[in-house]
Amino acid sequence: MDALIKFTSQFYPDWDFGVCERMVRRFKMDPARRIKALSQGTARQVAFLLALAQKPDLLLLDEPAANLDVVARRDFLDEMLQLLREEGRTALLSSHILSDVERVADEIGILSRGTLKISEPLDQLKETVKQARFYGFARGLDTFRHSGGAKLGFSSCHLAEVGYIGGAMKRKKVRGINFE
């Protein structure tokens, strides 16, 4: 790991070795270990260390806690968030794990097919999102719209969850099932 840090630092004139040292201590990493001998969690921590030590104005994190178990993911995200705050950095995080997003995000953006559909503070978004669960549909449900115009679609599944943006959903009938 030490060799990787030294090698990578040569490409960045503003490299922050202090951040590296703090992260190695905080995450209790052994700098002498080889990268391929690291666990997935430690490898994620090293990747985060390498990104943060470059001192970027904006840090892009794509699924930073993927493949970690629930406890390791929570601990890693908490440490990552604390480090970002300490360093005064802004991060753009993408994740399909909504609990991760809720844990670390102040502002939420939702992209669909390359278009920004929603961008608002987390608290405001949580106030306007509703969720419906549908159980036992072997062939799924067709697409329909609620009164606010949001299009809801379902693929074949036995359990589908959907969030929609806007006020209360008006009563709709889809294949004989009433939704409120």
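For this structure, a couple of remarks:
- Cα shape, the range 43-135, gyration tensor, a/c 1.5 rule: prolate
- Accessible surface, 1.4 Å probe, highest first, among residues 117, 28, 55: 28, 117, 55
- These residues, 17, 76, go from largest to smallest accessible area, 1.4 Å probe, as 17, 76.
- The gain in end-to-end length when the residue 122 to residue 81 segment is fully stretched comes to 13.2 nm, 0.36 nm per residue minus the alpha carbon separation.
- All-pairs Cα distance distribution in the range 1-45, expressed in whole percent, bin size 5 Å: 5, 21, 31, 26, 14, 3
- Per residue, in Å², the accessible surface of the range 1-114 once ligands and nucleic acids are set aside, probe 1.4 Å: 63 Å²
- Solvent-accessible surface ranking, highest first, for 21, 120 at 1.4 angstrom: 21, 120
- Share of carbon and sulfur in the accessible heavy-atom surface of the range 1-109 [1.4 Å probe, %]: 51 percent
- Amide H contacts under 5 Å for residue 118, placed H, 5+ residues apart: 110
The values are calculated or read from the model by the stated rules, or taken from the named source; none is laboratory data. What you are looking at is a predicted structure, and each value in this text was computed from that prediction instead of being measured. Ligands, DNA and RNA are excluded from the accessible area calculation, which covers all protein heavy atoms including side chains. Shrake-Rupley method; radii C 1.70, N 1.55, O 1.52, S 1.80 Å.
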